[in-house]
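One structure below.
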Amino acid sequence: MAQMAIFKPRAWTLQETASGPRVVIPSPVLWPVSIFLGFWLFGWTSGEVAAIKALWQLARTATGGLALLPGAFLLFWLAGWTVAGFFTWGIFLFSIQGREVVSLHGDKLRIRLETLLGLGWNRHFALAEMAPPRLLSMPVPENSKPDPAQTVGMALPKYSGIAITSGSRKWRLGLGLEETGAKDLLYTLTARFGLPRAAAPQQ
């Protein structure tokens with residue numbers, strides 16, 4: 001019986017904008033992660049509401065310093081729980097319909113992670129300190145490997161990404177691209193975005 005693949009290769013597009021070239025790489029399709037995070041966030045919301053109600057009740061009924069100690073602990077826990085929740089919301093929204101957007105901003109390369117609602121995080125890499133980008137190899141998930149009996153004589157896809165390094169700042173771009181697409185993206189980054197090329201091996 002054939003297995004349902006939980007991983008699908010990513011693709012990328014080059015867009016020409018008024019401010020210069022832009023590469024858009026949609027987020028990888030990992031539906032089990034999205035489902036798990038959806039259930040976790042349901043529990044997170046319930047815990048957040050319950051903690052806020054309990055904290056409000058303690059603030060209204062506490063009559064002295066000792067009575068406020070449980071509230072202080074609950075407030076500390078609620079702060080950590082809230083930060084973890086917002087971080088998870090970002091991953092959840094990115095897993096549904098997110099994307100990596102690569103563009104030039106002055107003398108820097110900007111990689112922006114955008115989520116379903118347009119929210120995002122930016123990372124900037126100075127072009128002057130940029131090392132030549134490298135192709136990364138990525139193992140194929142076991143669930144996505146086809147039946148060997150059905151692939152005799154066929155070339156199986158290889159998944160890749162691109163290592164971006166600028167000084168101490170590092171990023172792995174486009175993880176999950178097929179190797180051919182990653183090589184094309186590597187060429188585009190050097191040809192259109194001004195990233196340095198790797199030195200040719202000496203004969």
- [ ] Hey, could you grab the Kirkwood Rh for region 35-94? Inverse mean 1/r over distinct alpha carbon pairs, Å, one decimal.
- [x] 12.6 Å
TODO: Mind giving me the FRET efficiency for A128 and K158? R0 is 30 Å, r the Cβ-Cβ distance, nearest 0.05 is fine.
DONE: 0.35
Task: Net charge contributed by nearby residues that have their C-beta within less than 10 Å of W12 (K/R +1, D/E -1) - done: 0
Task: Label-point gap, in nm, between L30 and K170 - each point 7 angstrom along Cα→Cβ - done: 1.9 nm
Open item on the list: For the pair L104/L41, report the inter-label distance in nm, with labels modelled 7 Å from Cα in the Cβ direction.
Closed with: 3.6 nm
Open item on the list: Could you give each residue of region 161-172 its phi-based ³J(HN,Hα) in whole Hz, using Karplus coefficients 6.51, -1.76, 1.60 with θ = phi - 60°, and x for Gly or Pro?
Closed with: x, 10, 8, 10, 9, 9, x, 8, 8, 9, 8, 10
Open item on the list: For the ranges 97-108, 82-93, what's the packing order if you count other beta-carbon atoms within 10 Å of each residue, average per peptide, and put the highest first?
Closed with: 97-108, 82-93
TODO: May I ask you to compute the full-extension gain from T17 to K53, defined as 0.36 nm times their residue separation minus their alpha-carbon distance, rounded to one decimal in nm?
DONE: 8.1 nm
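Where a number appears in this text, it was derived from the coordinates with a stated rule and is not lab data. Keep in mind that what you see is a predicted model, and the values were worked out from it rather than measured. Quick reminder, even Gly has a Cβ in these numbers, built from the backbone with ideal geometry, and neighbours come from all protein chains shown.
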